[in-house]
Amino acid sequence: MLICTDIWKIFGPTPEKAHAALAFQVAADKLSYPDHVVAVRGVSFEVKKGETFVVMGLSGSGKSTLVRCLTRLTEPTAGQILIEGQDVRRMNDEALRNLRRHKVSMVFQNFGLLPHRRVLDNVAYGLEVCGVDRRTRNDRAAQMIELVGLKGWESKYPRQLSGGMQQRVGLARALAVNPDILLFDEPFSALDPLIRREMQDELLRLQSTLHKTSVFITHDFPEALKIGDRIAIMKDGQFVQVGTPQELVLRPRDDYVRAFVKDAPRAKVLTAGAIMSRDLRGRAPNGRTVPSHAPLQALLPMLAEHDAPLTVLDGGTPAGVVDRAAVIRALVEEDVARATGA
């Protein structure tokens, strides 16, 4: 759905000249060119259809600049961006407008609602820009408002809504045009913690129904773990490591990644399949089985009740065994790969 190859963004008076000088330097922390700032350096990744790809990093890491490059809200200095096989950097103005109106929608941190328009008109705005007639766009907007749980608030103004409700309006507006790809630039970072968790749950609920392809930017690692199918950790304009939440927690590539995963909720992130022993000689009796995707927190009550091991099923077929000791090691050890021999 989305393929990015060697994306660069350099701010300064002659970015192309700076790119030519910097492209073959190795150490990102030593990159420099007079009067220029390297925001994104040689980033490559792919996002599959229906996948939520999270880019996570601290402030100044380049993640927001990267997501804005995808639709050329920020013009990339170099690299290739393919959306459904179309080269975004080669698009003319008309093709780029069509991309932004029909294929890709963006949800921003600051909501971006029009204060003089009611909720219904805010949600319908993208359809209005596309030339959809009033009745059709209002019907579609009403459907999206109900989908995000705001039915009954259609006639209210943004100032009459809480922050979480305003962000739901922004999400409904992005969904109204039925885009192929959703881009989220730290959409929940301005919300209170409880509202933020509600919005994360809402996004997961919508994703389970709509299966949209998404790129989600955040500086919050627990949020990345909760939302992402895969996560890219970004530093100094580059990806340090890309992997599933389990891969990052089990096998951090360096101390920078290890610092992020140190306080990860392992019981929620790790699964039976990740820590099981493939030696089926200790296979559990009496039907004590769990699916390979079961999180460790679901195994804890079963192992607390009885110390017999659990047989791990992959597609209904026994694939391994997990016991109480393996779960305890997984929850307390810094590097489970060392403990399990993975």
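The values are calculated or read from the model by the stated rules, or taken from the named source; none is laboratory data. Worth saying up front: this structure is predicted, and the values here are computed from it rather than measured. With ideal geometry, Cβ positions are generated from the backbone for all residues, glycine too; neighbour counts draw on all protein chains shown. Protein only, heavy atoms only, side chains kept; ligands, DNA and RNA dropped before computing areas. Shrake-Rupley method; radii C 1.70, N 1.55, O 1.52, S 1.80 Å.
Quick look at the values:
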| read-out | value |
| --- | --- |
| Tabulated pairs, the stretch 143-161, first farther than 16 Å from Ile195 by Cβ, second acidic (Asp, Glu) and in a loop (DSSP other than H, G, I, E, B), C-beta under 9 angstrom, 6+ apart or interchain | Ile145/Glu154 |
| Hits in the stretch 6-21 - residues which are under 20 Å from Phe239 (Cα atoms) and open to solvent by 20 Å² or more (accessible area, probe 1.4 Å) | Asp6, Lys9, Phe11, His19 |
| Residue match in the stretch 58-79 (condition: in a strand (DSSP E or B) and either under 30 Å from Arg101 (Cβ atoms) or in contact with a helix residue (DSSP H, G or I) (Cβ under 9 Å, 6 or more places away or on another chain) (or both)) | yes |
| Residue match in the stretch 119-129 (condition: surrounded by fewer than 17 Cβ atoms within 10 Å (Cβ to Cβ), farther than 16 Å from Gln160 by Cβ and either of a type in the set (Val, Ile, Thr) or touching a strand residue (DSSP E or B) at 6+ places or on another chain (Cβ under 7 Å) (or both)) | yes |
| Pairs, first within 15 Å of Gln109 (Cβ to Cβ) and open to solvent by 10 Å² or more (accessible area, probe 1.4 Å) in the stretch 54-65, second modelled with pLDDT of 95 or more and not aliphatic (A, V, I, L, M), C-beta under 6 Å, six or more apart | Thr65/Lys9; Thr65/Thr74 |
| Members of the stretch 77-99 that are touching a His at 6+ places or on another chain (Cβ under 7 Å) and crowded, with 20+ Cβ neighbours inside 10 Å | Thr77 |
| Tally, over the stretch 218-253, of residues that are in contact with a Lys or Arg (Cβ under 6 Å, 6 or more places away or on another chain), farther than 25 Å from Ala190 by Cβ and open to solvent by less than 50 Å² (accessible area, probe 1.4 Å) | 3 |
| Boolean, Asp185 is on the phi < 0 side of the Ramachandran plot and in contact with a Ser or Thr (Cβ under 7 Å, 6 or more places away or on another chain) | yes |
| Any strands (runs of 3 or more DSSP E) falling wholly within the stretch 134-250 and containing at least 3 residues that are β-branched (Val, Ile, Thr) and under 19 Å from the mean Cα position of the chain (by Cα) | 213-218 |
| Test: residue in the stretch 286-294 that is assigned to a helix (DSSP H, G or I) and of a type outside the set (D, E, K, R) | no |
| Some residue of the stretch 100-111 being exposed (fewer than 15 other Cβ atoms within 10 Å of the Cβ), of a type in the set (Lys, Arg) and at pLDDT below 95 | no |
| Meets criteria (at pLDDT 90 or above, open to solvent by less than 20 Å² (accessible area, probe 1.4 Å) and of a type in the set (A, V, I, L, M, F, W, C)) for Leu204 | no |
| Only one of Val312, Val327 that is at pLDDT 90 or above and outside any helix (DSSP H, G or I) | Val312 |
| Filtered residues of the stretch 137-155 (kept if among the polar types (S, T, N, Q) and open to solvent by less than 40 Å² (accessible area, probe 1.4 Å)) | Asn138 |
